[in-house]
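*Asks:* Below is the structure I would like to discuss, written out as structure tokens.
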Amino acid sequence: MSVCVIFGAGSELPEKIVLPDGERYIIAADGGLKTLERLGLTPDHIVGDLDSLYETPSGENFTRLPHVKDTTDTFEAVRIGQAHGFVEFHIFGGTGGRLDHTLANIQLAAMLSMQGQRAFVYGINYVITAVTDSGISLAARPDGFVSVFAHSDVCSGVSISGLMYELNDTVLKNDFALGVSNEFIGKPAEISVKSGTLCIYYEV
């Protein structure tokens, strides 16, 4: 499966970056180019307003963004990926540093989910994703936290199995964090929602 991999300028990165298997289209979102250079990877496209890169990259695969705009560099990187037909996005350097950018990337994952697409935002030892009117399977782990939050005002038909605390056809609301701090117990986990969008945090 072909996926789009985006590197942002966020300060949190996994200790070991493992790119998804298969064909990949790599985009550097502004200062994320520095991370790619350290990893010895060449991006297929570079996009940004140069507020964290500070110099204009060479080559024709650079899209310059204005400083004054309504979106983030990572959002625009996703747009470029969508224009190339991608529906699955893996975002590194999307957390850490400014909390508002981290929150923006969580919203971005939720937006893609509502469009029938999928994003995975990687932190130091965790991943954030979102599901809408669907579900996700998580591989078994001996331990580690999993948290499930309602992004929609109301998420109905929420079910969780294979974790320490299970739910069956439950309602979650975005003003009460009932799904926080669940735990892996060595079993594969299933998280699903019949109606609404869930944001899911899990440790890896």
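The values are calculated or read from the model by the stated rules, or taken from the named source; none is laboratory data. Worth saying up front: this structure is predicted, and the values here are computed from it rather than measured. Counting neighbours? That spans all protein chains shown, and the Cβs are built from the backbone with ideal geometry, glycine included. The area values use the complete protein model at the heavy-atom level, side chains included, leaving out ligands, DNA and RNA. Shrake-Rupley method; radii C 1.70, N 1.55, O 1.52, S 1.80 Å.
*Asks:* Relative to the longest principal axis of the C-alpha atoms of the chain, give the angle of the C-alpha long axis of helix 99-114, reported between 0 and 90° and rounded to the nearest 10°.
*Replies:* Approximately 70 degrees, to the nearest 10.
*Asks:* Taking all protein chains as present, what is the carbon and sulfur share of the accessible area of the range 121-204, in % to the nearest whole number, probe 1.4 Å? Please report the intermediate quantities before stating the final value.
*Replies:* Values: 2130 of 4020 Å².
Solvent-exposed carbon and sulfur of the range 121-204 make up 53 percent of the total.
*Asks:* Which is the longest part of the chain that has none of the chymotrypsin sites (Phe, Trp or Tyr not before Pro) sitting in a DSSP loop with at most 13 other Cβ atoms within 10 Å? Don't jump to the answer; show the numbers that get you there.
*Replies:* Values: sites that count: TYR54, TYR165, PHE176.
The longest such stretch corresponds to 55-164.
*Asks:* Additional query: Work out Dmax and Rg for the range 74-140 from the C-alpha atoms and quote the Rg first, both in angstrom.
*Replies:* Gyration radius and largest Cα-Cα distance of the range 74-140: 11.8, 35 Å.
*Asks:* Could I ask something else about it? Just in the range 1-37: which GluC sites (Glu not before Pro) are loop by DSSP and have at most 15 other Cβ atoms within 10 Å?
*Replies:* Details: sites: GLU12, GLU15, GLU23, GLU37; in loops: GLU15, GLU23.
Here the GluC sites (Glu not before Pro) that fit, given the DSSP loop and packing criteria, are GLU15, GLU23.
*Asks:* Quick one: compute a quarter of the convex hull surface over the Cα atoms of the chain and quote it in nm².
*Replies:* Working: hull surface 45.4 nm².
Seen from a random direction, the Cα hull of the chain projects 11.4 nm² on average.
*Asks:* Over the chain, average the accessible area per residue using a 1.4 Å probe and give it in Å², no decimals. If you can, show how the numbers build up before the last one.
*Replies:* Working: 10180 Å² over 204 residues.
Result: 50 Å² of accessible area for each residue.
*Asks:* What full-extension length gain, to one decimal in nm, is calculated for HIS84 and SER137 as 0.36 nm per residue of separation minus the Cα-Cα distance?
*Replies:* Values: separation 53, 0.36 × 53 = 19.08 nm, distance 2.69 nm.
Length gained between HIS84 and SER137: 16.4 nm.
*Asks:* Please list, by residue number, every one of the trypsin sites (Lys or Arg not before Pro) in the range 35-122 that is coil in DSSP and has at most 15 other beta-carbon atoms within 10 Å. Walk me through the intermediate numbers first.
*Replies:* Details: sites: ARG38, ARG64, LYS69, ARG79, ARG98, ARG118; in loops: LYS69, ARG98.
Of the trypsin sites (Lys or Arg not before Pro), the ones in loops of the range 35-122 whose Cβ has at most 15 other Cβ atoms within 10 Å are LYS69, ARG98.
*Asks:* Okay, moving on. Compute the distance in nm between two label points, each set 7 Å from the Cα along the Cα-to-Cβ direction, one at GLN107 and one at ARG24.
*Replies:* With each label point 7 Å from Cα toward Cβ, the separation is 2.8 nm.
*Asks:* Going 7 Å from the Cα of TYR54 along its beta-carbon direction, which residues of the range 16-41 have the amide nitrogen within less than 18 Å of the resulting point?
*Replies:* Under cut-off, by backbone N: 29-38.
*Asks:* Are there any GluC sites (Glu not before Pro) in the range 100-204 that are in a DSSP loop and have at most 14 other Cβ atoms within 10 Å? List them by number.
*Replies:* GLU166
*Asks:* Expressed in nm to one decimal, what extension gain is obtained for the pair LEU39 and ASP100 from 0.36 nm per residue of sequence separation less their Cα-Cα distance? Don't jump to the answer; show the numbers that get you there.
*Replies:* On the way: separation 61, 0.36 × 61 = 21.96 nm, distance 2.63 nm.
Working it through step by step, the gained length comes to 19.3 nm.
*Asks:* Still on this model: What does the charge count around ASP70 come to, taking other residues whose C-beta lies under 13 Å from its C-beta (Lys +1, Arg +1, Asp -1, Glu -1)?
*Replies:* -1
*Asks:* If you don't mind, another one. Can you tell me the dipole magnitude for the chain around its Cα centre, using point charges on the Cβ only (Lys, Arg +1; Asp, Glu -1), in Debye to the nearest 20?
*Replies:* Details: 13 positive and 25 negative charges, 31 e Å.
Computed about the Cα centre, the dipole is about 140 debye.
*Asks:* Take every DSSP beta bridge with both residues inside the range 111-190 and express the antiparallel ones as a percent of the total, to the nearest 5.
*Replies:* Details: 12 of 12 bridges.
If I count the DSSP bridges inside the range 111-190, around 100 percent turn out antiparallel.
*Asks:* Straight-line reach only, C-alpha to C-alpha below 20 angstrom: list the lysines that LYS194 could link to, leaving out same-chain residues fewer than 8 apart.
*Replies:* Straight-distance partners of LYS194: LYS173.
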